[in-house]
Structures are given as C-alpha cells and as structure tokens.
Amino acid sequence: MSTVKIQNRHCERLAYVYVRQSTPWQVIEHRESTERQYHLRDRALELGWPASRVEVIDEDQGRSGKTAIHRSGFQRLVTEVGLGRVGIVLMLEASRLARNNSDWYRLIEICGLAGTLIADEGAIYNPREPNDRLLLGVKGTLSEAELFTLRTRLYEGRWNKARKGLLQFPLPVGFVYGADDGWELDPDTQVRERLQYVFASFRRHLVVRRVVRDLKLNGLNLPVRVVSREGYGSLVWKTPSMSAVVRILHNPAYAGVYVYGKWDYGGDRRSARSGKVIPHQLPMAQWPVKIDAHHPAYLSWEEYVKNNEQMRQNWHDGEETRGVAREGDALLQGMVCCGVGKLNDVSRRG
C-alpha cells in the first residue's frame with residue numbers, strides 16, 4: 001500500500017476517524033461494521049500518526065447521512081479541516097461521511113484547499129490531484145445513488161404490502177395481532193367495553209367535550225398503549241381528554257377499515273426541532289389505500305362517516321359549518337345565525 005502521498009506536514013496535524021451508523025438499531029445490530037470503523041484508528045497509527053494525534057468522531061452514531069444539519073460531528077470535522085488542523089480524514093466508505101453530493105463535495109473542496117488527505121480501508125486520496133478527486137466524486141455519487149435506490153426499493157415494497165392490507169404497524173388500542181398476523185379485537189373485556197362506551201356516548205351527546213365530561217363524571221379512564229421504548233406495548237389507563245377522544249373517533253380502524261397513506265408529507269412546513277416535514281391529513285376521498293371489512297369493527301362505516309361529519313359541523317369556521325349548539329332560551333339556539341336575511345327567511349317559513 002503506497003504512502004507516498006503522506007508528507008511530514010500531514011503527520012504534524014491531526015488524523016480524524018469518522019464513525020457513523022444511520023440508525024440506533026444499526027448501531028446495536030451491525031456491530032461488525034461499527035468495529036471496522038473503529039479499527040481505522042489502527043490504520044492511522046500504521047500510516048505514521050502518533051496515538052496522541054488520532055481522534056475519533058462518533059457523536060453522529062444513529063443519525064442519517066442524508067443531511068449534515070443535525071450531525072454535529074460532521075460539522076465539527078468540516079470546521080477542523082477548514083482551520084487547517086487535520087492532516088487526514090479516515091472513513092470506512094464515502095457513505096459514512098455523507099449520503100448527498102452537496103455535503104460530500106463541500107468536504108472534498110475544503111480538504112483540497114487545506115491540503116487534507118482522505119483515506120478508506122484500501123486507499124489514500126489527495127483531493128488536489130485530478131485523478132483522486134475524480135475517484136472521490138464517483139464514490140460520493142454512488143453513495144447518494146445507493147441511498148435513493150434503497151429508499152425506493154423499501155418504499156415500493158411497503159406500499160405493495162399496504163395495498164394487500166398486510167403491512168404491519170402499531171395497532172390502535174382495542175386491537176391486537178392474532179396468531180396469523182391478522183387484526184383481532186383486544187381480548188381484554190374492559191378495553192372493548194370502554195371503547196364501546198365512548199362511541200355510545202358520542203351517539204347520545206354528539207359533542208366530544210360532553211363525551212369527555214361524561215367519562216369523567218363516571219370515573220372512567222381511557223385505555224392507552226405505551227409507544228415509548230420503556231414498556232412498549234403495555235396497557236395503561238389515562239384520564240380522558242379531548243385529544244384522546246378525537247383520536248378514537250377519527251380513526252377509521254374502529255370501523256373495520258384498513259387505511260394507509262392518509263397523511264401527506266409533501267408540504268413545506270418543517271419542525272424546528274427535528275427538521276422533518278410536518279404532515280397534514282388528506283381528505284377521505286384521497287386516501288390511497290382503503291380496504292373495507294378488513295378486520296372486526298366497533299362501529300359501522302356509515303356511523304364513522306356520520307360521526308366525522310358531526311365533528312366537522314361542531315367546529316365553527318364561518319359559513320360552511322354551524323358550530324356546536326350552545327345553551328340558551330332561544331327556540332333555535334345554535335341553529336340560526338344572527339343575520340337579517342336569515343331571520344326573515346326563518347319567519348317566512350314559520
């Protein structure tokens with residue numbers, strides 16, 4: 001293995017070993033890959049760097065390489081290279097450093113300007129040399145293309161299973177997976193009866209707030225499945241809330257319908273904390289996957305549609321919906337808007 005490209009000026013600076021796996025699951029399960037990346041420290045020693053000048057950056061473990069925005073380790077590496085403190089950057093392969101060309105070429109450009117070498121398990125590259133720069137560019141392009149290929153393959157496979165109603169995901173409370181992976185009603189009688197009580201209460205009151213009040217007056221909590229890592233899937237009982245009741249009434253799974261793809265992630269709004277797109281729910285007519293009578297139900301599809309229309313009408317947003325009927329002495333309280341034309345129309349009908 002030729003080390004001609006390594007000069008004294010390189011060894012006088014630091015050698016950085018960049019270690020990254022894309023997800024926490026890969027960090028735990030793909031230990032061979034992680035071990036190989038840490039062994040690059042030994043490669044730096046073999047190339048002539050003293051142990052005191054070899055540093056490992058592994059703070060990006062469990063983070064995707066498709067962007068550098070939330071990878072503090074990669075950002076620190078680029079900064080150190082730009083300041084001329086790094087003699088060589090060691091990586092297992094191009095995909096460990098970046099999965100998109102903008103970040104990859106930015107690093108190559110800065111390495112070229114600072115005179116920093118880039119190395120993997122089998123070769124050393126000098127970004128100032130045309131042939132090495134070409135090879136690095138090809139490696140970065142292939143890394144980005146590989147990500148798109150894998151993502152497309154997984155995406156299409158997931159949709160294919162969903163169209164057959166076979167794609168599994170965490171079930172709403174009240175359902176469990178059976179021995180054949182089919183949906184079954186929760187064997188816990190108390191859970192089933194509490195959900196049935198919620199739907200029966202909405203039939204009587206037609207208002208979510210009154211359903212919540214009904215549950216609280218009767219001392220009835222709602223069942224919830226834990227989705228956090230600790231205690232995942234276990235059943236807990238929580239005090240009723242507006243949001244919890246709305247989620248139950250809005251969920252088509254309780255009508256025996258399998259739905260996938262009702263959330264659209266194509267918008268421009270992003271979370272300030274994670275940078276991910278904030279999804280919005282598609283209208284019912286635009287749901288891409290909807291399989292009727294897919295599993296046992298708590299209510300009919302007709303009642304589900306009626307409930308959702310009632311909740312939409314309860315939300316007063318101007319001319320399209322009337323809002324919830326309020327308490328009062330008027331004969332048509334909550335049904336007639338205060339407008340001369342509408343009042344005259346009502347009096348003529350009377």
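The values are calculated or read from the model by the stated rules, or taken from the named source; none is laboratory data. Because the structure is predicted, anything quoted here is derived from the model rather than measured. Using ideal geometry, Cβ is built from the backbone for each residue, glycine included, and neighbour counts are taken over all protein chains shown.
When residues of the range 128-151 are filtered for being surrounded by 15 or more Cβ atoms within 10 Å (Cβ to Cβ) and closer than 11 Å to Trp104 by Cβ, how many remain?
Summing the residues that are surrounded by 15 or more Cβ atoms within 10 Å (Cβ to Cβ) and closer than 11 Å to Trp104 by Cβ in the range 128-151 gives 6.
Residues that are over 24 Å from Arg99 (Cα atoms) and out of contact with any Gly (no Cβ under 8 Å at 6 or more places or on another chain): find the helices (runs of 4 or more DSSP H) completely inside the range 1-49 holding 3 or more of those.
Per the criteria, 40-46.
Counting just the residues of the range 22-42 that are crowded, with 19+ Cβ neighbours inside 10 Å and over 16 Å from Leu77 (Cβ atoms), which one comes out modelled with the lowest pLDDT?
Taking the candidates together, the pick is Ser22.
Which residues, counting only those in the range 255-268, are surrounded by fewer than 18 Cβ atoms within 10 Å (Cβ to Cβ), aromatic (Phe, Trp, Tyr) and farther than 15 Å from Pro283 by Cβ?
The one that is surrounded by fewer than 18 Cβ atoms within 10 Å (Cβ to Cβ), aromatic (Phe, Trp, Tyr) and farther than 15 Å from Pro283 by Cβ: Tyr265.
Where in the range 59-171 are there helices (runs of 4 or more DSSP H), lying wholly inside it, with at least 1 residues that are under 27 Å from the mean Cα position of the chain (by Cα) and modelled with pLDDT of 90 or more?
72-82, 130-163
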